[in-house]
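Structure record follows, encoded as structure tokens.
The values are calculated or read from the model by the stated rules, or taken from the named source; none is laboratory data. Being a predicted model, the structure only gives us computed values, none of them experimental. Cβ atoms come from the backbone with ideal geometry, glycine included; neighbour counts cover every protein chain shown.
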Amino acid sequence: MSPDQLLGYWWVLIPFIFIIFFKPILRLFLGMVIVPEDKIGLVTKKFVLVGSNRNLPDGRILATKGEAGIQARTLAPGLYWMMWPWQYAVTMEPFTVIPQGKIGLILSNDGFELQTGHILATRVECDNFQDAVGFLEQRGQKGRQTQILPSGTYRINTMAFTITLTDITIIRENMVGIITALDGQPIRKGQIAGEQIEGHNNFQDVDAFLRNGGNRGLQPTVILAGSYFINPWGIQIEEIPMTDVPIGYVGVVISYIGEDGQDLTGDVFKHGNIVGKGFRGVWMEPLGPGKYPVNTFTMKVELVPTTNLVLNWANARSEAHNLDKNLSTITVRSKDGFPFNLDVAQIIHIPATEAPKVIARFGSMNNLVSQVLEPTIGNYFRNSAQDSDVISFLSTRKERQTAAKDHIREVLDEYNVNAVDTLIGDIVPPEALMKTLTDRKIAQEEEKTYENQRMAQEKRQGMEKETAIADMQREIVKASQSVEIAQRTADATIKKAEGDAASLKLNVNAESEAVKMRANAEAEATKAKGAAQAEFVKMNATAEAERISKTGLAEAEKIMAIGQSTAEAYELQVKAMGEANFTRLKVTEEIAKGKVKIIPDLIVSGSGGGTDGSLSGLMGLQLLQMIQEKQGATAEPEAIGKPKAE
């Protein structure tokens, strides 16, 4: 197709050209404006042709009645006409989106002036700032607004309002939020926190807080764990832990806010006011074990142990409560001028009902220890040590501990504290004195050792003596047994003699009867002679038996008497001479009985010279032979005539 032919179809291009330039043409000739569905149109009016409201009032930047300038009213998504470009400038802006977990803080760029003394604008109904005209017509104020925007999507004129995103307020578990209001009425004179205000939904409704007379500054109310839509331009929050009162403690509340309450202790207690709950001062009712959302900026909770509390006056020891961390070993000086150290442990108990009085008097447990316990116990033991020397103090430790316990109990009763016990620990005397005491003790123990050894030797001697006596007793028993044997032998001899006499008597009787029968048979004449002869024999037999009996009895009594006398003689000789001497004597006697020649009866000396020496030796030999012959002649009759008693 030739170019001429193509020019013949120019009319086909007209629809394409119309489509391309349709919107500008409509915008130019008909003032058409199309606002997309995800945007809004911000309108600026360039001029006003006719009318009395051609210009904005002084101090205003937004037009609400058709004045020239930035228009407060926005264009929602849709189609608009007669918005000629030479008179109106339309800017497309996206919707305002507040994400989850965020809030929108509103700063108004136009409006009436804030009230004097306030930093936040009062809330007005304006459909969450989507109706700028309504905001301004209801005397909305410029500046920071009390109202916030929660999460969501809004059609807000960003030329009228500036949106700032911030995080929502989150209070964690076991924490509390301390509130400080940045706007409101001044705090009443004499107070450090504002009044208790209700109806503001945990400070999420700042307008209600201000409307109900809320004060700027520290607030007595706290908020607990949770998420809150709180305007940080009006409310500041500081997160702190909850107050924990452990088991074995009570929490005494000291309130710095509130009215002055009536003192509940009466006229007896002169050390501060104890008031009821809600008043300023020390509360009469303490907090039991548990967790409490206490505003520590307006209140203070002093923990007071209600179990037995041990305090150590010792350099190297401290309890977990650390109340005794500043206590140290007590240094005292005795009456004799020696300084020495001693460790002391004091056990106290504070009843729960008395805890407020202790805090009202001292302010804290540390003050109780430093102002009462430390000087009381330290001075008592220093005074006690000056009344005694070191040795006496050591030896009377138990008594001094009891006395200290009674004294300290009496003192602490005046401070509403129970003294359970007072214990004296290590006592460290001077080293030089300890050496002296040690040496003395060693000497005493050595003396006891020597005494024990001496007593052991005496016991050993006594044992040996008893052993010797026991050995002699064996000999005495042996002699006694010999006497008994001799007596039994004598008895046997007597019995034998009696038997022999009876046998002889029977034989004599038999013989007599035989003689009698023979005599009767032989002759009547010899009968008298036989009877006389039999009677004679009988009498002789009776006499002989009686002699034998008496002889045996006498011999037995003699043996017994000799044995008893010998035993008594031995016992007396042992007591009189001693065991060793008696033993030597008996040995000598036995040597004598055995005729053992220890020393010669005659000493024949061959010394000397010549004839005299030989003569002396011959004469000595002759004399010795004569003595031996004499002794032999004498010993034989003695052996025959003196039978041994054994």
Test each condition in (1) surrounded by fewer than 14 Cβ atoms within 10 Å (Cβ to Cβ); (2) outside any helix (DSSP H, G or I); (3) of a type outside the set (Ser, Thr, Tyr) for residue 424 and report the one that comes out false. (1)
Select from segment 18-51 the residues that are of a type in the set (Lys, Arg) and at pLDDT below 90 and list them in ascending order. 23, 27, 45, 46
Unique match (being in contact with a Pro (Cβ under 6 Å, 6 or more places away or on another chain) and either of a type in the set (A, V, I, L, M, F, W, C) or farther than 30 Å from residue 149 by Cβ (or both)) among 250, 268: 250
Among the residues in segment 442-452, are any in contact with a His (Cβ under 8 Å, 6 or more places away or on another chain) and either surrounded by 11 or more Cβ atoms within 10 Å (Cβ to Cβ) or among the aliphatic types (A, V, I, L, M) (or both)? no
Considering segment 180-228 alone, what residues qualify as being surrounded by fewer than 18 Cβ atoms within 10 Å (Cβ to Cβ), within 22 Å of residue 124 (Cα to Cα) and acidic (Asp, Glu)? 198
Inspect all residues belonging to segment 236-244 and state whether any of them is loosely packed, with under 13 Cβ neighbours inside 10 Å and part of a loop (DSSP other than H, G, I, E, B). no
Quick check: anything in segment 346-355 in contact with a His (Cβ under 7 Å, 6 or more places away or on another chain) and more than 30 Å from residue 177 (Cβ to Cβ)? no
Expected output for segment 176-204 (first residue in the same structural domain as residue 292 (by TED's automatic domain parsing), partner in a strand (DSSP E or B) and at pLDDT below 95, Cβ below 6 Å, 6+ apart or cross-chain) is none
Consider residue 359 carefully, then state whether it is at pLDDT 90 or above and surrounded by 14 or more Cβ atoms within 10 Å (Cβ to Cβ). yes
For residue 170, all conditions in the list (1) of a type outside the set (Lys, Arg); (2) modelled with pLDDT under 95; (3) surrounded by fewer than 20 Cβ atoms within 10 Å (Cβ to Cβ) hold save one; what is the number of the exception? (2)
What single numbered condition from (1) part of a loop (DSSP other than H, G, I, E, B); (2) in contact (Cβ under 8 Å) with a residue 24 or more places away in the chain fails to hold for residue 251? (1)
Residue count for segment 57-94, restricted to those that are buried (at least 16 other Cβ atoms within 10 Å of the Cβ), hydrophobic (A, V, I, L, M, F, W, C) and touching a residue at least 24 places away in the same chain (Cβ under 8 Å): 6
Enumeration of residues in segment 380-408 that are without any contact (Cβ under 8 Å) to a residue 12 or more places away in the chain and assigned to a helix (DSSP H, G or I): 383, 392, 395, 398, 399, 402, 406
Sole residue being of a type outside the set (A, V, I, L, M), buried (at least 21 other Cβ atoms within 10 Å of the Cβ) and in a loop (DSSP other than H, G, I, E, B), chosen from 322, 312, 295: 295
Restricting attention to segment 110-153, which residues are among the small types (Gly, Ala, Ser) and either in the same structural domain as residue 183 (by TED's automatic domain parsing) or surrounded by 22 or more Cβ atoms within 10 Å (Cβ to Cβ) (or both)? 111, 121, 132, 140
If residue 199 meets every condition in (1) in contact with a His (Cβ under 7 Å, 6 or more places away or on another chain); (2) farther than 24 Å from residue 111 by Cα apart from one, which number is that one? (1)
Would you be able to say whether some residue in segment 477-497 is modelled with pLDDT under 75 and of a type in the set (D, E, K, R)? no
Being assigned to a helix (DSSP H, G or I) and either outside the structural domain of residue 272 (by TED's automatic domain parsing) or in contact with a Lys or Arg (Cβ under 7 Å, 6 or more places away or on another chain) (or both) is the requirement here; does residue 435 meet it? yes
Which condition number in (1) exposed (fewer than 11 other Cβ atoms within 10 Å of the Cβ); (2) assigned by TED's automatic domain parsing to the domain that holds residue 560 is the one that residue 481 fails? (1)
Considering every residue within segment 329-338, establish whether at least one is farther than 16 Å from residue 413 by Cα, over 17 Å from the mean Cα position of the chain (by Cα), part of a helix (DSSP H, G or I) and in contact (Cβ under 8 Å) with a residue 60 or more places away in the chain. no
